[in-house]
6 protein chains.
Amino acid sequence: MRISVFRKAHFNAAHRLHNPRWSDEKNAEVYGLCNNAHYHGHNYDMEVKVTGEVNEDSGYLIDLKVLSDIIKEHVEKRFDHKNLNLDIPYFKDVIPSTENFCYLIHGILQEKLGSDLDVKVRLYETPRNYVEYPAD
Amino acid sequence: MRISVFRKAHFNAAHRLHNPRWSDEKNAEVYGLCNNAHYHGHNYDMEVKVTGEVNEDSGYLIDLKVLSDIIKEHVEKRFDHKNLNLDIPYFKDVIPSTENFCYLIHGILQEKLGSDLDVKVRLYETPRNYVEYPAD
Amino acid sequence: MRISVFRKAHFNAAHRLHNPRWSDEKNAEVYGLCNNAHYHGHNYDMEVKVTGEVNEDSGYLIDLKVLSDIIKEHVEKRFDHKNLNLDIPYFKDVIPSTENFCYLIHGILQEKLGSDLDVKVRLYETPRNYVEYPAD
Amino acid sequence: MRISVFRKAHFNAAHRLHNPRWSDEKNAEVYGLCNNAHYHGHNYDMEVKVTGEVNEDSGYLIDLKVLSDIIKEHVEKRFDHKNLNLDIPYFKDVIPSTENFCYLIHGILQEKLGSDLDVKVRLYETPRNYVEYPAD
Amino acid sequence: MRISVFRKAHFNAAHRLHNPRWSDEKNAEVYGLCNNAHYHGHNYDMEVKVTGEVNEDSGYLIDLKVLSDIIKEHVEKRFDHKNLNLDIPYFKDVIPSTENFCYLIHGILQEKLGSDLDVKVRLYETPRNYVEYPAD
Amino acid sequence: MRISVFRKAHFNAAHRLHNPRWSDEKNAEVYGLCNNAHYHGHNYDMEVKVTGEVNEDSGYLIDLKVLSDIIKEHVEKRFDHKNLNLDIPYFKDVIPSTENFCYLIHGILQEKLGSDLDVKVRLYETPRNYVEYPAD
């Protein structure tokens, strides 16, 4: 009995989209307002989907308290109220776009949850713009 | 032209998570507050996804009034304002976790809708915790 | 500078509407499905509104962390995953309708927050049915 | 690194479900209130999902400003505040059901976005009734 | 113990904003796309607020089943899947703006509920544009 | 016929809560994570309520396109994708708390809309924390 469970979480962060290998003009052209040198920010909403086999004894795929604690410890604590560009080493050389941020969070959670469970992450930068990794 | 249509529904129920083959200590450890002997409850929200071929004459995959009536008759009427442990025979021997409840509802709806249509059920125990069966 | 701040919270509980001074027939007539002897339940969503003067030094009416902790300690901890009829002494002699439940929560929070702040509570039994106390 | 990005949009339109090859009785039976000769209307919400490879330089799958402009120009401008039956030539011979409308919008966007990107459209006729094309 | 209870409802309708005493140019200037001669439409969401004294025996201000039935009979049945301009006599001489529509619905419900209860209606034309009558 | 109309809007910004007249210890104690020197950010959602008399000719209190344009020009353009502390002169000497930010936006809109209309602003820092000015 293969099933998926979902858990939502949220945190707030600041970021700036800027490619240091490009001119200021190209950065402004590609990233527009998101290139503001003083940063801007978002309430990130996150939906974590975990797929696997239900445990017959507990009736659980995974204890959602355990999943929630992993998300709190390894995602919320790491990113909440942070500046992605300045406070997160991974974004020293990587553009903190929603695509790259979603990919980073997926890797963190997939490693913590182990290979018996398939993780998918949907990350909302705003209620109208969001990203999902991996693709179906 | 293969397409999916979705219909949302909701109902309220009480339940308790308790495995009679376990000690009280193990039940408390695994299920935490959900093990309260006096029950607790939820507003269950449900998203039913039906996939198949559109009828060229009507432009419908399925009349949503028909789908809505099937959901009312076979899901809402059976579970709304009920105690899952005491009022639903299926849960005499099965833990009424969201996973098992979603699986039960899927079986009911798939049988009523017939094998030409593929049913998937997403069941929200809370807006932040939910389950989908079958997995993609 | 008089302003209002709001904080949302949520918890789950079971209840039953039943007036012991009435016959079974009258209870069934007045309360319908809500009279089920085995209880049913809800995800209660709560919106707490606090009105008063902003502190010029902090720019806060009240630290929302403080407000959130008071709500957790005195509302969520007391009612979450509980059976209102069996686990909450107040409802021994009072019908646990949303109206009476909202009134009870308002009294708890108004007392904890003190008379310099005006508290209003909106309590959602479902997303479509809710109650506000005190009235405007 | 294959990923999906989503963009939400919305517009309002009127329509009527009526098959001219059927009798009035059959139209009333199949379409019910949706057959009202004077039309009725909806706030259509739309979720566009685009899947493909992330560009390493920009960190974007697609600039959401570009996607948003394509949706505005080719979907919102064409359908917003319109009568689907009278103002949209495609629905001269096609029933403007949500299924057929979703299929039409998908074709418009897939052509504009090109074959390197896979488009999926979810179209909400109401918050409780919606359609997705193509099916998973 | 004065309290407010709320009930949400929804229905779909078509309309057109057009003042027959104005020129076509003035109508186009004032109403823009909303002046389309072929009509457009909305999913109207409605929040009905009823304020009064709680009944000590029942714990209810008003049985929400009774309120819901009044809304269904006198609002939803009258307006759902209708064309406000053509199907509703009241709008023969009145512009079916959200303001005027909200005022009409308030009058209907206030009369049905009687003078012991104070009714307020919030009417959403879209999730971002809405109206409340009477004003606080 | 006195009525209220509402319009929702949203924008993203970064900020930091820090009182330069306090020690670092006191700032950390009062503002917690919100004191991060590198800033963090939010998706601000805003609900503008305007109250006054309906114009009998147009059926409008105010053309929502006009209201929406005023909000875009004087609020969204000024604050979207900005750093409140660094990009907004008003916050040189004022803590950019949600309370103070809501007060600032209210003043801007009340001035633009004139004294015949009463403006109230609800500003969401997150979906669970928000502020309203002026208080009822």
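The values are calculated or read from the model by the stated rules, or taken from the named source; none is laboratory data. Bear in mind that the values here come from a model prediction, so they are computed numbers and not experimental data. Using ideal geometry, Cβ is built from the backbone for each residue, glycine included, and neighbour counts are taken over all protein chains shown. Each accessible area value is taken on the protein alone, full model and side chains, heavy atoms only, with ligands, DNA and RNA left out. Shrake-Rupley method; radii C 1.70, N 1.55, O 1.52, S 1.80 Å.
What does the buried accessible surface come to for A and B, summed over both chains, with the probe at 1.4 Å? Round to 100 Å².
1900
For an R0 of 56 angstrom, estimate the FRET efficiency from the Cβ-Cβ distance between F:LYS112 and D:ASP93 and round to the nearest 0.05.
0.70
How much of the accessible area of chain E, probe 1.4 Å, is carbon plus sulfur, in whole percent?
48
At 7 Å along the Cα-to-beta-carbon direction for both B:LYS65 and A:GLU53, put a label point, then send me their distance in nm to one decimal.
That separation, rounded to one decimal, is 4.6 nm.
For the protein assembly as shown, what is the convex hull volume of the alpha-carbon atoms per residue, in Å³?
Spread over its residues, the Cα hull of the protein assembly as shown gives 180 Å³ apiece.
Determine the distance separating the Cα centre of segment A:69-110 from the Cα centre of segment F:67-133; give it in Å without decimals.
30
If you average the sequence gap of Cα pairs under 8 Å that are 6 or more apart and divide by the length of chain F, what percent do you get for the contact order?
31
Give me the accessible area per residue for chain C, probe 1.4 Å, as a whole number in Å².
On a per-residue basis, 42 Å².
If the cut-off is 18 Å between C-alpha atoms, which lysines fall inside it for B:LYS49, apart from same-chain ones fewer than 8 positions away?
List returned: A:LYS49, B:LYS8, B:LYS65, B:LYS72, B:LYS112, B:LYS120, D:LYS49, D:LYS120.
When the Kirkwood hydrodynamic radius is evaluated over all pairs of different C-alpha atoms of segment A:76-136, what value in angstrom, to one decimal, is obtained?
About 12.5 Å, per the Kirkwood formula over Cα pairs.
Considering only D:ARG122, D:ARG21, D:ARG78, give the residue with the highest GNM mean-square fluctuation for chain D, with springs between Cα atoms whenever their separation is below 10 Å.
Residue with maximal mean-square fluctuation among D:ARG122, D:ARG21, D:ARG78: D:ARG21.
Running a GNM on chain B with Cα contacts under 10 Å, which residue among B:THR51, B:THR98, B:THR126 ends up with the highest mean-square fluctuation?
Among B:THR51, B:THR98, B:THR126, the largest mean-square fluctuation in the Gaussian network model of chain B belongs to B:THR126.
For segment C:5-123, what ratio Rg/Rh do Cα atoms give with a Kirkwood hydrodynamic radius?
Looking at segment C:5-123, the ratio lands at 1.07.
I need the inter-copy label distances for D:HIS74: point set 7 Å along Cα to C-beta, values in nm with one decimal, smallest first.
3.9, 4.0, 4.0, 5.0, 5.8
Among B:VAL50, B:VAL30, B:VAL119, which one shows the biggest mean-square fluctuation in a GNM of chain B, springs joining Cα atoms closer than 10 Å?
Of the options given, B:VAL30 has the highest mean-square fluctuation.
Name the chain B residue nearest the rotation axis between B and D, going by Cβ position, and give the distance in whole Å.
Nearest to the symmetry axis by Cβ: B:ASP136, 4.
How many nanometers, to one decimal and shortest first, lie between the label point of E:ASP24 and those of its other copies, if labels sit 7 Å from Cα toward Cβ?
The projected label point of E:ASP24 is separated from its counterparts by 3.2, 5.3, 7.2, 7.2, 8.3 nm.
Given +1 on the Cβ of Lys and Arg, -1 on the Cβ of Asp and Glu, and no further charges, what dipole in debye does the protein assembly as shown carry about its Cα centre, rounded to the nearest 20?
The calculated dipole for the protein assembly as shown is roughly 0 debye.
Please give the charge dipole size of segment A:16-136, origin at the Cα centre, charges +1 on K and R Cβ atoms and -1 on D and E Cβ atoms. Round to the nearest 20 debye.
With only Lys, Arg, Asp and Glu charged at Cβ, the dipole is about 540 debye.
Apply 1/(1 + (r/R0)^6) to the Cβ-Cβ distance of F:TRP22 and D:LYS72, taking R0 = 51 Å, and write down the FRET efficiency to the nearest 0.05.
0.60
What nm distances, shortest first, do you get from the label point of B:TYR90 to those in the other copies when the point sits 7 angstrom along Cα to Cβ?
3.6, 3.9, 3.9, 4.4, 5.5
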